[in-house]
Amino acid sequence: MKALLALRDGFEFRLGNGNSSFWFSNWSGTGKLADKVLYVDIHDLEMSVKDVYTDGNWNFNMLYTNIPTAVTDHLKMIPVCLNSQVADCYTWKGNLNGIYSARDGYFWLNRNEFAGNDTDSISWTWLWNISAPEKLKFFLWTALHNSLPTREMLCHRNMLQANHCPRCNQEIETTLHCLRDCDFAVRLWHSIGFTDQAFYRENDLYNWLRIGIQGKSVFMFLAAVWWLWRARNLLCLANELVSLITLRMWTENYAHLLFRCFFKQATVPDTKWVRWNAHRGSGFSNILHAELLAIYYGLVMAWEFGITDLWCYSDSKVAIKLISESVNAWHHYAAILYNIKEYLARDWRIHIVHTFREGNACADYLAKFGAANPEAYSPIVDPPIGMNLLLLADACGTFFSR
Ligand SMILES: [Zn+2]
């Protein structure tokens, strides 16, 4: 029965129809809202999430209860999508389909304090208790287990032939090389103030990460390892070279964001800080989430424009597969999927097709344009000027190869 308690942390609340109590359920994942206000006004006691979140907006003004601005600001950053067909429920965090398996449970237990019973295993409580988003904790956990798919690791598993660093092509790409020792990484670390030589001396990955996470510049450290790895993946998987200056900007913005969200002492809100959703969709738990919401909003807009014959291109095969299959009610994004399906079932001709982002220059342009936009969602009425040539090429039937 001890396992039951340990496993409980592996489940998280997922909104569906929004019938859960606005105040007394942990729908936001950060605890009950009732605990964050002085008191809940008697008029508001029965409010459910869907009463306060209507037509895609938060209507905090309708409440009698006074919610601190810092809290409402935080809530606004959470991408909410409701659908009446799917119940609010707890889903298993270990995978997106939300279905718990004994195998998942085993891995989960092994990385929680429960594993402390085993004398050989390291306790991971310290990691799961750090102040950072879950995705970052999972990333660190993977790195601490030396399981990031670096080229060295992929070679070791016979999945790749060459184990050299994709950036410098000089050294073997170990996790430490990728996150710290590669020339590019060193320059980033220097540029954000990690100049102490001791930082570069620790040769044990676990120790280095742990010292960094527990050090005084923790948010900058976390942001840097996160973005170094992301930039590495962009290079390897999308052939996209991120410049040092861009990476530094992403890192610093992300560090500020983490500080804002996770620093324990309450600070006065400062409007100059980057918004949660301002930065390459960081408010989204993953890219699939952003992809599905983009499809959904696109459909809503097309429907409102009265379009009767629509071709919708997506570069996400996973998203298309999910849309074409029946919805698994435990899926983390079940509500969005139901919303999409409701639009697909309407009386219009609609085709959802896969394309590579590079194969659709206009979509590629808009994706990059969107990444630089601070809003989570913003419709564009006229094509941006920079798109004119691309649109012309598209209209002429120009073919863009990958
Ligand atoms: Zn390198």
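The values are calculated or read from the model by the stated rules, or taken from the named source; none is laboratory data. Small disclaimer: the values here were computed from a predicted structure and weren't measured. Neighbour counts run over all protein chains shown; Cβ positions are idealised from the backbone, glycine included.
In table form, for the structure just shown:
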quantity: So LEU205, is it within 16 Å of the ligand (Cβ to nearest atom), without any contact (Cβ under 8 Å) to a residue 24 or more places away in the chain and surrounded by fewer than 20 Cβ atoms within 10 Å (Cβ to Cβ); calculated: no
quantity: Residue list for the range 171-201, restricted to those being within 10 Å of the ligand (Cβ to nearest atom) and farther than 16 Å from ARG248 by Cα; calculated: GLU171, ILE172, GLU173, THR174, HIS177, ASP181
quantity: Identity of the residue in the range 150-170, within 11 Å of the ligand (Cβ to nearest atom) and basic (Lys, Arg), that ends up nearest to ASP183 (Cα to Cα); calculated: ARG167
quantity: Failed item in (1) of a type in the set (A, V, I, L, M); (2) at pLDDT 85 or above; (3) farther than 29 Å from GLU342 by Cα, with VAL86 passing the rest; calculated: (3)
quantity: Some residue of the range 209-225 being outside the structural domain of ASP364 (by TED's automatic domain parsing) and within 16 Å of the ligand (Cβ to nearest atom); calculated: yes
quantity: Some residue of the range 216-228 being more than 29 Å from GLY29 (Cα to Cα) and not aromatic (Phe, Trp, Tyr); calculated: no
quantity: Cross-chain or 6+ apart pairs with Cβ under 6 Å, the range 155-175 first and assigned by TED's automatic domain parsing to the domain that holds ARG230 and among the basic types (Lys, Arg), then part of a loop (DSSP other than H, G, I, E, B) and within 9 Å of the ligand (Cβ to nearest atom); calculated: ARG167/CYS182
quantity: First in the range 317-346 and more than 12 Å from LEU82 (Cα to Cα), second anywhere and of a type in the set (Phe, Trp, Tyr) and surrounded by 15 or more Cβ atoms within 10 Å (Cβ to Cβ), Cβ under 6 Å, 6 or more apart; calculated: VAL327/TYR338
quantity: Residue in the range 191-199 that is in the same structural domain as TRP229 (by TED's automatic domain parsing) and touching a Leu at 6+ places or on another chain (Cβ under 6 Å) present; calculated: no
quantity: Unique match (being modelled with pLDDT under 90 and closer than 30 Å to LEU389 by Cβ) among HIS332, HIS354; calculated: HIS354
